[in-house]
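**Q** One structure, pasted below without further comment.
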Amino acid sequence: MQNYQIDNLDRSILHALMDNARIPYAELAKNLAVSAGTIHVRVEKMKQAGIIKGTKVAISAKKLGYDVCCFIGINLKNAKDYPDTITKLDALEEVVEAYYTTGNYSIFIKVMTRSIDHLQTVLISKIQAIDAIQSTETLISLQNPISRDVIP
């Protein structure tokens, strides 16, 4: 199912599920003028193809007290240290995303902390304490005016 090509009905289903992942298939079928069975089959095919990876609850980091969002570019001492460094970064709850990149940094991470003091502690005691990391550059996000998934 790797090469599953989505059509307009699949796109409509994806848009509806992105708006409300809990919409009943019967309601979705009625809105799209097809049977609930058709919706079920299409969703299952898109799951098998890896297009739909799952559903999740959207959580407000700010409402949970995470007021500081920042991005940290990381330079490694050695490229071979990448897998071990990713494992260590994955163990840090403040690291919410990580990317292996080209350009100025080997790894680019997104970090959420409760305060600037918390960020300082995470940087010094956790991230920069990883031996394989040669240097870091931190960019603090002031706001996130655009945040969306790709459009199917």
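Read-outs throughout are calculated quantities, based only on the coordinates presented, and are distinct from any laboratory measurement. Owing to the predicted nature of the structure, the values given are computational and were not obtained by experimental measurement. Here the Cβ is made from the backbone with ideal geometry for all residues, glycine too, and neighbour counts use every protein chain on show.
**Q** In the neighborhood of Lys126, defined by Cβ-to-Cβ distances under 13 Å, what is the net charge if each Lys or Arg adds +1 and each Asp or Glu adds -1?
**A** Residues near Lys126 contribute -3 overall.
**Q** Something else now. If the cut-off is a Cα-Cα distance under 19 Å, which lysines reach Lys77, setting aside same-chain residues fewer than 8 apart in sequence?
**A** Answer for Lys77, where 19 Å is the Cα cut-off: Lys88, Lys126, listed by chain and number.
**Q** Kirkwood hydrodynamic radius, computed over distinct alpha-carbon pairs, for the range 20-125: how many Å, to one decimal?
**A** Value: 17.3 Å, from the Cα pair sum.
**Q** Which three extents, in angstrom, do the Cα atoms of the range 65-142 have along their principal axes, listed largest first?
**A** Largest to smallest, the principal-axis extents are 36, 22, 17 Å.
**Q** Assuming 0.36 nm per residue, please report the length gained on full extension of the stretch Leu142 to Lys77 beyond their Cα-Cα distance.
**A** That pair, Leu142 and Lys77, stretches by 20.4 nm at full extension.
**Q** Write down the Kirkwood hydrodynamic radius of the range 8-48, to one decimal in angstroms, obtained as one divided by the mean of 1/r over all alpha carbon pairs.
**A** 9.9 Å
**Q** Assuming R0 = 30 Å, can you tell me the calculated FRET efficiency for the pair Asp84 and Asn104, based on Cβ-Cβ distance, to the nearest 0.05?
**A** On the way: r = 21 Å, r/R0 = 0.71.
Calculated transfer efficiency: 0.90.
**Q** Hey, another quick one. Which value in nm describes the separation of the simple spin-label points at Arg114 and Asn31, placed 7 Å from the Cα toward the beta carbon?
**A** It is 3.9 nm.
**Q** With θ set to phi - 60° and the Karplus curve 6.51 cos²θ - 1.76 cosθ + 1.60, what are the ³J(HN,Hα) couplings of the range 56-66 in order, to the nearest whole Hz, using x for Gly and Pro?
**A** Each residue's phi maps through the Karplus curve to give 8, 8, 8, 10, 8, 4, 4, 5, 8, x, 8 Hz.
**Q** Placing unit charges on C-beta atoms (Lys and Arg positive, Asp and Glu negative, everything else neutral), compute the dipole magnitude of the chain about its Cα centre in debye, rounded to 20.
**A** 380 debye
**Q** In addition: Ranked from highest to lowest mean number of other Cβ atoms within 10 Å per residue, what is the order of the peptides 112-118, 60-66, 90-96?
**A** Sorting 112-118, 60-66, 90-96 by mean packing, highest first, produces 112-118, 90-96, 60-66.
**Q** Let me ask you something else. Using the basic label-point model (7 angstrom from Cα toward the beta carbon), what is the Gln5 to Ile124 distance in nanometres?
**A** Here the answer is 5.8 nm between the modelled labels.
**Q** Which of the DSSP-defined H helices in the chain satisfy a minimum axial length of 15 Å, computed from C-alpha atoms, and a minimum mean Kyte-Doolittle hydropathy of -1.0?
**A** Span-like helices, by this rule, are 8-19, 36-48.
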